[in-house]
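Enquirer: Quick one: structure below, then a few questions.
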Amino acid sequence: MFTNRSEAGRMLATRLRKYKNIPGVVLAVPRGGVPVAYEIAKELNIPLEVILVKKLGHPNNKEYAIGAVGLKDSFVLPHENVTQHYIETEIANIRERLKEMQISFMGDKEPQNLTGKTVILVDDGIATGNTILGTVQVLRKSQPYKIVLAVPVASQSAVEKLEPFVEEMVILLCPESFRSVGLFYSDFSQVSDEEVIHYLDKLNALKKIS
């Protein structure tokens with residue numbers, strides 16, 4: 001059990017110290033992953049950014065993912081009765097929403113070039129693993145040196161699903177019985193957009209001081 005996301009982030013940071021000062025970037029899944037990732041990026045002294053990826057839903061059931069879309073790259077699984085026109089239109093619509101989020105969180109700052117870098121992908125927990133899997137597939141298009149998945153808690157089924165797709169996983173808790181991520185935190189209150197911006201600005205301010 002974690003007190004809150006910040007405590008979980010500090011605990012993860014101790015397991016990731018070998019990555020201190022490396023050519024890399026911590027990518028937080030917004031919004032809940034940001035307080036966790038902030039503690040890691042601060043301890044490791046490497047940049048922090050948000051990773052903006054949304055699932056591409058099936059036309060007959062938007063909750064059923066047939067792919068994932070990032071700001072520049074996308075990953076789509078072939079499905080019968082899904083037209084190319086639908087895919088292109090949905091990708092364009094999703095990218096518009098992602099661009100709005102990017103401007104809100106990062107302003108006019110361009111995302112880091114991930115090619116050849118170690119990427120530490122952080123969320124506050126993983127239940128099914130489907131969203132993170134889509135995120136990893138999109139990240140691969142940027143050709144990072146390696147992807148390290150770091151989360152405080154994950155279900156055993158999610159770990160088994162994701163393990164073949166990343167170079168390293170750092171998971172603090174992987175319980176046999178798993179109902180929801182929030183049950184492993186004393187404080188699992190929602191993270192607002194304002195808090196996301198606060199954490200990103202706070203880390204930038206610390207780097208300027210140092």
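The values are calculated or read from the model by the stated rules, or taken from the named source; none is laboratory data. What you see is a predicted model, and the numbers here were worked out from it, not measured in a lab. Ideal geometry is used to build each Cβ from the backbone, glycine not excepted, and the neighbour counts take in all protein chains shown.
Enquirer: For the structure I just gave you, tell me whether residue 67 is over 26 Å from residue 195 (Cα atoms), under 18 Å from the mean Cα position of the chain (by Cα) and not hydrophobic (A, V, I, L, M, F, W, C).
Expert: Against the criterion (over 26 Å from residue 195 (Cα atoms), under 18 Å from the mean Cα position of the chain (by Cα) and not hydrophobic (A, V, I, L, M, F, W, C)), residue 67 qualifies.
Enquirer: Sticking with this structure for a sec: Six or more apart or on different chains, Cβ atoms under 7 Å: show the pairs whose first residue is in the range 95-110 and over 20 Å from residue 138 (Cα atoms) and whose second is of a type in the set (D, E, K, R).
Expert: 104/193
Enquirer: Restricted to the range 59-92, and to residues that are surrounded by fewer than 16 Cβ atoms within 10 Å (Cβ to Cβ) and part of a strand (DSSP E or B), which residue is modelled with the highest pLDDT?
Expert: Looking at the filtered set, the residue picked out is 61.
Enquirer: Still on this model: Here is a list of conditions, (1) outside any helix (DSSP H, G or I); (2) farther than 19 Å from residue 147 by Cβ, and residue 46 meets all of them except one; can you say which number that is?
Expert: (2) is the only condition that residue 46 fails.
Enquirer: Consider the range 137-187. How many of its residues are touching a Leu at 6+ places or on another chain (Cβ under 9 Å), of a type in the set (A, V, I, L, M, F, W, C) and under 19 Å from residue 13 (Cβ atoms)?
Expert: Residues that pass the stated criteria total 13.
Enquirer: Just checking, how many residues over the range 8-34 are buried (at least 18 other Cβ atoms within 10 Å of the Cβ), part of a helix (DSSP H, G or I), of a type outside the set (A, V, I, L, M) and over 12 Å from the mean Cα position of the chain (by Cα)?
Expert: Residues meeting the conditions: 2.
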